[in-house]
Amino acid sequence: MAERTARRPVAPADPTVTDDPDWVVVFSGIPWANGAHRQHALARELTVDHRVLFVDPAGHLPRWRLRVRQVADGLWQCAGPALLPFGRHVPPVNRVNRWFAALRLRRWFRRHADSVRLLWLDEDLAAPVAARLDASAVVYDATDLDWTFTRPWNRRHLRRALHSAVGAADLVLASSSALPERMPAVDPAPVVLANGCDPEHFSPDGPVAPWLAGLRRPLIGYSGAVDTRAFDAHLVAEVARAHPEWTFLLIGPSTRAGRAPLTHLSNVHLVDPVGFAEVPNILRACDVTIIPYRVGSLVDYVHPKKCYEYLALGKPVVATPLPALHALADVITLAGDATGFAAAVGDALDGAGVPEQAARRRAVAVRNTWAVRGVRLRSLLAGLPR
């Protein structure tokens, strides 16, 4: 879903210094303005002992100017330049655009800063810059498999980019325990640095969106995209038809094909994307939260960060048996078909109000914060070349 974080006003700062922490240049697949994803959380963690330049992905149209602005303490956002259009789909154009981006960034660093300590890639197509920015070390963070986000005719291009990104890296990270086996072989093997959460943002104590008062309870909540890549709308539709007394609240963007099985179901409410700050205000009203993802699909390697966000709110979680979620089976319920899923939701509703269980869920989330991930990340980076 389209997520946003509230931006703290930051006074303009001159990044030209000689004795401050080293620089990390992050080439992200998601713009800074989209705000509440793994890329943004880890970039903030990197500012503990680095200065970070977060480079937005290039769009489909040319963007020749390099724009840099400070967005937080120790963190600058860069509108990534592109010389030619459609680099995401045409390999030679991507190489030209990355050469151009590296050229402009080298000029910026010559004017404003010291050399680059670390190059961080989570966008596969940014791999060509690895040899052009003279970084001391390269980290590739496998947040997702980018080739699964595109149409079949473009997958070969992105698979090659994945091989290049992994091959250029001194350290390969994976956001899910199910990812390494689906990635190119690399030595040393990828290190799993799982997704995390911000338990203060998803605190059980806080406001509830007032418009929810008119909905019939119990409320079954989901936050995320309703599409055909990951979301199993047929499973949700079958459960909703079997239990018309339950109200399903699906918060996030939806595609026509994704929501098609849910049409004409009066107990399923599709809510347009809301700001990240508003998501907890909606989920607090829910009695049970769900992750109805397709198992056996292109993207069942994911470790959904929404799972920890649900747990931080103290909510029962019912999910399909994604490989990365099996490690949480003692605190969430996994069910693979509509009958089992409905039964699990029913059981979760029966125990939803038990304070001890809510506290146990919250404790799991607190052990899996982005700050905890940051400590692990900094220990890994300490062993890289300088």
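Just so it is clear, none of the values below were taken in a lab; they were calculated from the coordinates. The structure presented is a predicted model; accordingly, all values stated were derived computationally and were not measured. Neighbour counts run over all protein chains shown; Cβ positions are idealised from the backbone, glycine included.
What's the exposure ranking of 151, 98, going from fewest to most Cβ atoms within 10 Å? Working shown, then result.
On the way: 151 7, 98 24.
Neighbour counts put them in this order, fewest first: 151, 98.
Explain nothing, just the number: dipole magnitude of the range 210-366 about its Cα centre with +1 on each Lys and Arg Cβ and -1 on each Asp and Glu Cβ, in debye rounded to the nearest 20.
Details: 14 positive and 14 negative charges, 60 e Å.
Dipole size: approximately 280 debye.
Which shape class applies to the range 59-193: rounded if a/c is under 1.5, otherwise prolate when a/b exceeds b/c and oblate if not, where a ≥ b ≥ c are the square roots of the Cα gyration tensor eigenvalues?
The shape class here is oblate.
In square nanometres and to one decimal, what's the mean projected area of the convex hull around the Cα atoms of the range 162-297? Intermediate values should be presented prior to the final figure.
On the way: hull surface 41.5 nm².
Mean projected area for the range 162-297: 10.4 nm², to one decimal.
Relative to the longest principal axis of the chain, what angle (0 to 90°, nearest 10) does the C-alpha long axis of helix 370-381 take?
30
Where both partners of a DSSP beta bridge lie in the chain, what percent of those bridges are antiparallel, to the nearest 5?
Rounded to the nearest five, the antiparallel share is 15 percent.
With only Lys, Arg, Asp and Glu charged, each at its Cβ (+1 for the first two, -1 for the last two), find how big the charge dipole of the chain is about the Cα centre; round to the nearest 20 debye.
1420
Restricting to the range 210-366, compute how many DSSP beta bridges are antiparallel as a %, nearest 5.
5
Go from 0 up to the bin containing the longest alpha carbon distance in the chain, width 20 Å each, and give me the % of pairs per bin.
Whole-percent P(r) values from 0 Å outward: 27, 55, 17, 0.
Which residue fluctuates most in the GNM of the chain (Cα springs below 10 Å): 86, 202, 54?
Its mean-square fluctuation being the largest, the pick is 86.
Using only Cα atoms, locate the centre of the range 286-338 and the centre of the range 176-230, then give the distance between them in Å, rounded to an integer.
Centre-to-centre (Cα) distance: 8 Å.
Among 249, 333, 60, which residue has its Cα furthest toward the positive end of the charge dipole of the chain, with +1 on Lys/Arg Cβ and -1 on Asp/Glu Cβ?
Positive-most Cα among the choices belongs to 60.
To check my understanding: the extent here is largest minus smallest coordinate of the Cα atoms along each principal axis. What are those three numbers for the range 29-121, in Å, largest first?
37, 30, 19
Given axes a ≥ b ≥ c from the Cα gyration tensor, I'd like to know whether the range 210-366 is rounded (a/c under 1.5), prolate (a/b larger than b/c) or oblate.
rounded
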